[in-house]
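K.L.:
Please read through the structure below; I'll follow up with questions.
The values are calculated or read from the model by the stated rules, or taken from the named source; none is laboratory data. Values in this document were obtained by computation on a predicted structure and should not be read as measured data. As a convention, Cβ positions derive from the backbone with ideal geometry for all residues, glycine included, and neighbour counts pool all protein chains shown.
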Amino acid sequence: MHFEFEPIGLCRSPYTDKFGIPRQPRLVPAAEARIELLPPYDREEAFAGLEGFSHLWLLFVFHQDCLAAGWRPQVRPPRLGGRDKVGVFASRSPYRPNPIGLSAVAQHGLERQGKRLALRIAGADLLDGTPILDLKPYVPYADAIPEAEGGFANARPQARFQVGFSEQARHQLAEQDADGRLRLRELIEQVIAQDPRPGYMDRYPERREFVLQLHAREIHWRVDGDRAWVTSVHPPRAAKGSSIGL
Ligand code: SAH
């Protein structure tokens, strides 16, 4: 059997690079995103009734690298320090036989801008440009299982770092997000607090400087014990149109 699916929309998110994307949805609530619907799905009638649901499931394709990379029967989840292996089907790794992602996110309604229809969401863990295959309402009585066991990922990960900003970074933030529309400061704080470094980084204690990208801006930060310092926030190099401009 062979199936062909086309995306119903594309996700526009602050995550313009894979490094920094949280490992599950809702860990970074400041991450506001949109699903821009593609024709013929860009019609309000296809969403009638969704306003009563606070959350929805997104089904999407891990389109960056994962399609070409193929899969292995075992993976090393960052949760286990990137050391211990588990079966791919016991993991949420993006590298799987069919690289399809599943995330529950908050939804904040439809928004029409001229011809374009988009659904606003928050807390997503999707790369900017991710193709969306489907979305479905989150149905609490069926989908929430309070007694469920979470295996090696039982507890919600604790924040790893207290995040501070250098004077330069604070100035740059004030310049680049003067009206707070991008929620850039909160976003940086929440992304870095949950420690986006790969699980194996504890083997390289000498490596302390990192760069990640949010809204196409390069964010430089440094690790110092339980603290992370944001040293600078650089404006986008060229207007490549990859940032969402929410
Ligand atoms: N909640 C989803 C995703 C978990 S894996 C699920 O359980 O299926 C989360 C990781 O997916 C992120 O850290 C990011 O690196 C990766 N990711 C997100 N969007 C992606 C995309 N479009 N292509 C490849 N990897 C992606």
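K.L.:
Go through segment 67-97 residue by residue and tally those that are within 12 Å of the ligand (Cβ to nearest atom) and in contact (Cβ under 8 Å) with a residue 40 or more places away in the chain.
P.N.:
Result for segment 67-97: 4.
K.L.:
Which residue out of ARG203, ARG120, ARG183, ARG170 is away from the ligand (no atom under 14 Å from the Cβ) and in contact with a Pro (Cβ under 9 Å, 6 or more places away or on another chain)?
P.N.:
Working: ARG203 fails: in contact with a Pro (Cβ under 9 Å, 6 or more places away or on another chain); ARG120 fails: in contact with a Pro (Cβ under 9 Å, 6 or more places away or on another chain); ARG170 fails: in contact with a Pro (Cβ under 9 Å, 6 or more places away or on another chain).
Sole residue among the options that is away from the ligand (no atom under 14 Å from the Cβ) and in contact with a Pro (Cβ under 9 Å, 6 or more places away or on another chain): ARG183.
K.L.:
If you don't mind, there's one more thing I want to ask. Checking HIS55 against (1) away from the ligand (no atom under 12 Å from the Cβ); (2) of a type outside the set (Asp, Glu); (3) surrounded by 16 or more Cβ atoms within 10 Å (Cβ to Cβ); (4) modelled with pLDDT under 95, only one condition comes out false. Which one?
P.N.:
With (1) away from the ligand (no atom under 12 Å from the Cβ); (2) of a type outside the set (Asp, Glu); (3) surrounded by 16 or more Cβ atoms within 10 Å (Cβ to Cβ); (4) modelled with pLDDT under 95 applied to HIS55, the lone miss is (4).
K.L.:
Another question about this same structure. Which of (1) within 13 Å of the ligand (Cβ to nearest atom); (2) over 23 Å from PRO39 (Cα atoms); (3) over 14 Å from the mean Cα position of the chain (by Cα) is the odd one out, the single condition ILE100 does not satisfy?
P.N.:
(2)
K.L.:
Is there a residue being in contact (Cβ under 8 Å) with a residue 12 or more places away in the chain, at positive phi and not small (Gly, Ala, Ser) anywhere in segment 15-26? Steps first, answer last, please.
P.N.:
First pass over segment 15-26, keeping only residues in contact (Cβ under 8 Å) with a residue 12 or more places away in the chain: 15-26.
Then drop every residue that is not at positive phi, which leaves 20, 26.
Narrowing the set further to residues that are not small (Gly, Ala, Ser) leaves 26.
Yes, the conditions are met somewhere in segment 15-26.
K.L.:
Across segment 194-241, what is the number of residues that are at positive phi and either charged (D, E, K, R) or touching a Leu at 6+ places or on another chain (Cβ under 9 Å) (or both)?
P.N.:
2
K.L.:
Consider ALA106 against the criteria (1) farther than 20 Å from GLU44 by Cα; (2) more than 9 Å from the ligand (Cβ to nearest atom); (3) surrounded by 13 or more Cβ atoms within 10 Å (Cβ to Cβ); (4) of a type outside the set (S, T, N, Q): it satisfies all of them except one. Which criterion is unmet?
P.N.:
Going through (1) farther than 20 Å from GLU44 by Cα; (2) more than 9 Å from the ligand (Cβ to nearest atom); (3) surrounded by 13 or more Cβ atoms within 10 Å (Cβ to Cβ); (4) of a type outside the set (S, T, N, Q) one by one, ALA106 breaks only (1).
K.L.:
Which of (1) part of a strand (DSSP E or B); (2) more than 16 Å from the ligand (Cβ to nearest atom); (3) without any contact (Cβ under 8 Å) to a residue 60 or more places away in the chain; (4) at negative phi is the odd one out, the single condition TYR141 does not satisfy?
P.N.:
(1)
K.L.:
Select, from PRO99, PRO131, the only residue that is touching a helix residue (DSSP H, G or I) at 6+ places or on another chain (Cβ under 9 Å), within 20 Å of PHE5 (Cα to Cα) and modelled with pLDDT of 95 or more.
P.N.:
On the way: PRO131 fails: touching a helix residue (DSSP H, G or I) at 6+ places or on another chain (Cβ under 9 Å).
Checking each option against the conditions leaves just PRO99.
K.L.:
Please go through segment 148-169 and give me each residue that is touching a strand residue (DSSP E or B) at 6+ places or on another chain (Cβ under 9 Å) and either of a type outside the set (A, V, I, L, M, F, W, C) or not in a helix (DSSP H, G or I) (or both), ordered by number.
P.N.:
Here is the first cut: in segment 148-169, the ones touching a strand residue (DSSP E or B) at 6+ places or on another chain (Cβ under 9 Å) are 151-152, 160-166, 168-169.
Once the filter is applied, which keeps residues that are touching a strand residue (DSSP E or B) at 6+ places or on another chain (Cβ under 9 Å) and either of a type outside the set (A, V, I, L, M, F, W, C) or not in a helix (DSSP H, G or I) (or both), segment 148-169 yields GLY151, ARG160, PHE161, GLN162, VAL163, GLY164, PHE165, SER166, GLN168.
K.L.:
Counting only residues that are in a strand (DSSP E or B) and polar (S, T, N, Q), how many does segment 71-115 have? Steps first, answer last, please.
P.N.:
Of the residues in segment 71-115, the ones in a strand (DSSP E or B) are 74-75, 86-87, 100-113.
Keeping just the survivors that are polar (S, T, N, Q) gives 74, 103, 107, 113.
Residues flagged as in a strand (DSSP E or B) and polar (S, T, N, Q) within segment 71-115 amount to 4.
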